[in-house]
Structure formats: structure tokens, C-alpha cells
Amino acid sequence: MSEPYKSEDSTNYTTKLKVIDPSFNYKTVIKNDKIKFHKFVHINIYSETPDKAPVIRFVGDIIRLRRFKFKVTEKGELMGNMQKYSNWLIYSG
């Protein structure tokens, strides 16, 4: 997880997460040939202030993402971006 940062061309703060699902079975076959790295997902969450950015306190915290847009990057990584009307919740794991 990164600290919230603000880029020069944006009015929002961005927090980057690398989400790993330990319940994912490494032997699982992914039928999408474009996905090369399927053990984790990169997530970008945008907030108006750093105080409204997500805070992950412990490994094992549960993140609920709703209405995020996911895509496969050129490197074969799965990436999720917050869109209009997206929201997220963090539950203590």
C-alpha cells in the first residue's frame, strides 16, 4: 500500500494497493492468455483528501471493491481502477 499522493495534473489523491488473495490456488488454470501474473491485483483508489484514503492496518484485512473497472495491462497484470460511483470498504481481518 502506498501513502496517498497527488499528481500535478489531478485534483484527487491516489492510493495504490497490491491485493493478494491467499485462498487462490496456484494450480488454478486461467483461461485468459493475456493474464500472466494472476496471484495479485493492482488497485488504484482516489480520494479528495488524504484523510479519506483507505488505511490497511494489518495483513489479512478484507477489502470490498464495488463498481471498479478491471483491465489487463500490456505486462499481463490485472489492474483495478476506481470509477464514478465506485466505492470500497475495509473490514478488520
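Bear in mind that the values in this text are calculations on the coordinates, not laboratory data. Just so you know, these numbers come straight off a predicted model, no measurement behind them. Reconstructed Cβ throughout: ideal geometry from the backbone, glycine too, with neighbour counts over all protein chains shown.
Suppose the chain between Thr11 and Asp61 were pulled fully straight at 0.36 nm per residue; how much longer would it get relative to their current alpha carbon spacing?
Taking 0.36 nm per residue and subtracting the Cα distance, the gain is 15.2 nm.
Before anything else, pin down the relative contact order of the chain: Cα pairs under 8 Å, at least 6 apart, normalised by residue count, whole percent.
28 percent
Looking at region 50-84, which chymotrypsin sites (Phe, Trp or Tyr not before Pro) are DSSP coil and have at most 12 other C-beta atoms within 10 Å of their C-beta?
Taking region 50-84 and a limit of 12 other Cβ atoms within 10 Å, the loop chymotrypsin sites (Phe, Trp or Tyr not before Pro) found are Phe58.
Could you give the size of the charge dipole of the chain about its Cα centre, using +1 on the Cβ of each K and R and -1 on the Cβ of each D and E, expressed in debye and rounded to the nearest 20?
460 debye
Give me a comma-separated list of calculated 3J(HN,Hα) values for region 56-72, in order, Karplus coefficients 6.51, -1.76, 1.60 applied at θ = phi - 60°, integers in Hz, x for any Gly or Pro.
Using θ = phi - 60°, the values come out as 9, 8, 9, 5, x, 4, 9, 10, 9, 10, 10, 6, 8, 9, 10, 8, 9 Hz.
Can you pull a Stokes-Einstein diffusion coefficient for region 5-91 at 25 °C (0.890 mPa s), Rh from Kirkwood over Cα pairs, as a whole number of µm²/s?
171 µm²/s
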